[in-house]
Amino acid sequence: MKILVTGGAGFIGSNFIHYVLANHPEDIIINFDALTYAGNLANLAAVAQNPRYSFFKADITDAAAVSEAVALAPDAIVNFAAETHVDRSIMDSSAFVKTNVLGVQILLEAARQAGNIRFHHISTDEVFGSLLPHDPPFNENTPYAPRSPYSASKAAADLLVRAYFTTYNLPVTISNCSNNYGPYQFPEKLHGLFITNLLENKKVPVYGDGLQIRDWLYATDHCEAIDLILRRGRLGESYCIGGASEKTNLAIAEHLLKLLNLDQSYIQHVADRPGHDRRYALNFDKLKNELGWEPKTSFADGMQKTVAWYKANTDWWQKIKSGEYQEYYKKQYPQK
């Protein structure tokens, strides 16, 4: 396959590119990314010279650029491109609506105009709202009930994708994943922030009581699931991708302290996020029964791998935290 990966310089997108190039030796990847603050070509330095990989700098809200990329005749589009950080959406939702809703519509329309290109859309468990401690996990039939500007924009995108399937017969699938962690995660998200802070001998900020529960999924397992859905999933269907690892934020912090031989004094409780969802969890039985997928990486192993990766790649995250990585891209890719 020739796959147009939008948002491929981000955390999960770059992991997916590595996964596909390693596991499908005939596949070709076109990485389409705007290189916003969360996009980092250093994530893909190891494959930058691979003849099966190319980079196309542009924004999915730029219809002309999207059409130009689609003219390269990809067999499929996998859309990771999104604004994703809930805190940023609370401060200013405009970029989230623009990228996550308008951008997706532009991609869908380009895929339709080019003869109905296969389209897979990456979504989130946050579109389903929040669970109480003893509620059953979300599944593909759970009604949407987003509670932040971020999750509302992702819910809107999902509905657009479904509409293009029903109205235009565009061959689409959607995956809703639980919280990811692993290599190349931008250090504003929980694992990236906590690990890099601790490696800098700084405290980790835990919202409120820290008892918010998330289902954690190792990024490589997520990429394997996306790959299966892209190649074998039923068109028009959504698939939930869960990690089978529900943990509180406080438990994550405590686990990291043990791995790094640090004490509880490194935990700093801070004011809670407005409208903070209490719990997310996903039932992935549909994906398991139809495509035979389940997570391979245990939470303990995933955490060890993630900490080891950040220890081995201090230059990567230090340049992000200092902002140096953005100065490089400004010089390499000046704004038009």
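The values are calculated or read from the model by the stated rules, or taken from the named source; none is laboratory data. Treat the numbers as computed from the prediction; the structure is a model and nothing was measured. Here the Cβ is made from the backbone with ideal geometry for all residues, glycine too, and neighbour counts use every protein chain on show.
Quick rundown of the values:
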{"item": "Any hit, the stretch 75-83, residues being touching a Ser or Thr at 6+ places or on another chain (Cβ under 7 Å) and of a type in the set (D, E, K, R)", "result": "yes"}
{"item": "Residue in the stretch 129-140 that is in contact (Cβ under 8 Å) with a residue 40 or more places away in the chain, polar (S, T, N, Q) and farther than 23 Å from Leu291 by Cβ present", "result": "yes"}
{"item": "The stretch 226-252, subset among the acidic types (Asp, Glu) and touching a residue at least 40 places away in the same chain (Cβ under 8 Å), residue farthest from Asn176 (Cα to Cα)", "result": "Asp227"}
{"item": "Matching option when the condition is part of a loop (DSSP other than H, G, I, E, B) and of a type in the set (A, V, I, L, M), among Leu256, Leu287, Leu262", "result": "Leu262"}
{"item": "Count of residues meeting criterion [at positive phi and either out of contact with any Leu (no Cβ under 9 Å at 6 or more places or on another chain) or part of a helix (DSSP H, G or I) (or both)] in the stretch 1-41", "result": "1"}
{"item": "Residue under evaluation Ser14, criteria (1) touching a Phe, Trp or Tyr at 6+ places or on another chain (Cβ under 9 Å); (2) over 22 Å from Ala157 (Cα atoms), criterion not met", "result": "(2)"}
{"item": "When residues of the stretch 101-113 are limited to those that are over 18 Å from the mean Cα position of the chain (by Cα) and crowded, with 24+ Cβ neighbours inside 10 Å, the one nearest to Thr167 (Cα to Cα)", "result": "Leu108"}
{"item": "Residue in the stretch 28-38 that is surrounded by the most Cβ atoms within 10 Å (Cβ to Cβ), counting only those that are touching a residue at least 40 places away in the same chain (Cβ under 8 Å) and touching a strand residue (DSSP E or B) at 6+ places or on another chain (Cβ under 9 Å)", "result": "Phe32"}
{"item": "Only one of Ile106, Ile117, Ile77 that is closer than 20 Å to Gly7 by Cα and in contact with a Pro (Cβ under 7 Å, 6 or more places away or on another chain)", "result": "Ile117"}
{"item": "In the stretch 266-288, the residues that are touching a residue at least 12 places away in the same chain (Cβ under 8 Å) and of a type in the set (D, E, K, R)", "result": "Asp272, Arg273, Asp277, Arg278, Arg279, Asp285, Lys286"}
{"item": "Count - residues of the stretch 172-216 that are in a strand (DSSP E or B), of a type outside the set (Val, Ile, Thr) and within 20 Å of His276 (Cβ to Cβ)", "result": "10"}
{"item": "Subset of the stretch 49-100 that is assigned to a strand (DSSP E or B) and touching a residue at least 60 places away in the same chain (Cβ under 8 Å) - its residue that is surrounded by the most Cβ atoms within 10 Å (Cβ to Cβ)", "result": "Val78"}
{"item": "The stretch 304-317, residues that are over 12 Å from Asn43 (Cβ atoms) and either without any contact (Cβ under 8 Å) to a residue 12 or more places away in the chain or among the aromatic types (Phe, Trp, Tyr) (or both)", "result": "Ala308, Tyr310, Ala312, Asp315"}
{"item": "Residue match in the stretch 253-263 (condition: farther than 28 Å from Val5 by Cβ and basic (Lys, Arg))", "result": "yes"}
{"item": "Tally of residues being at pLDDT below 95, surrounded by fewer than 16 Cβ atoms within 10 Å (Cβ to Cβ) and either under 18 Å from the mean Cα position of the chain (by Cα) or of a type in the set (A, V, I, L, M, F, W, C) (or both) across the stretch 128-187", "result": "1"}
{"item": "Condition met for Pro274 (surrounded by 18 or more Cβ atoms within 10 Å (Cβ to Cβ) and part of a loop (DSSP other than H, G, I, E, B))", "result": "no"}
